[in-house]
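Quick notes on the structure that follows.
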Amino acid sequence: MGKKSQTSDDFVWQRERCKKCDICQKMCPQHGLKFVDGVLTRDQAKCNLCGICALYCPDQAITIIKNVKRKT
Ligand code: SF4
Ligand code: SF4
């Protein structure tokens, strides 16, 4: 199989936990989060998966899953 040099990280938002307090939007250094029709939407071009939003969310509604694969 071919070599992979991809990074596969993921951003998960759990709607049922979110209280729409807006803290994540305010804390994001990239200004990459906003609510669109009640859904937290991440601008993938801006987000670098730093995890700050997940850290500051008081309801643990955001999870950043790091799964970095490096080419050897
Ligand atoms: S900080 Fe958490 S609870 Fe608040 S709006 Fe963001 S995801 Fe929702
Ligand atoms: S992971 Fe960092 S850059 Fe991405 S949305 Fe959250 S705070 Fe913003």
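Tabulated values for the structure
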{"quantity": "Distance (nanometres) between label positions extended 7 Å along Cα→Cβ at Ile64 and Lys19", "calculated": "2.3"}
{"quantity": "Cβ-based exposure ranking for Phe35, Phe11, in which fewest neighbours within 10 Å come first", "calculated": "Phe35, Phe11"}
{"quantity": "Neighbour-count order for Ile62, Ile52, fewest beta carbons within 10 angstrom listed first", "calculated": "Ile52, Ile62"}
{"quantity": "Exposure proxy ranking, count of Cβ atoms within 10 Å, fewest first, for Val12, Val36", "calculated": "Val36, Val12"}
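FYI, it's all coordinate maths here, none of it is from the lab. The model shown is predicted, which means the values in this text are computed figures rather than measured ones. Because the Cβ atoms are built from the backbone with ideal geometry, glycine has one as well, and the counts that use them run over all protein chains shown.
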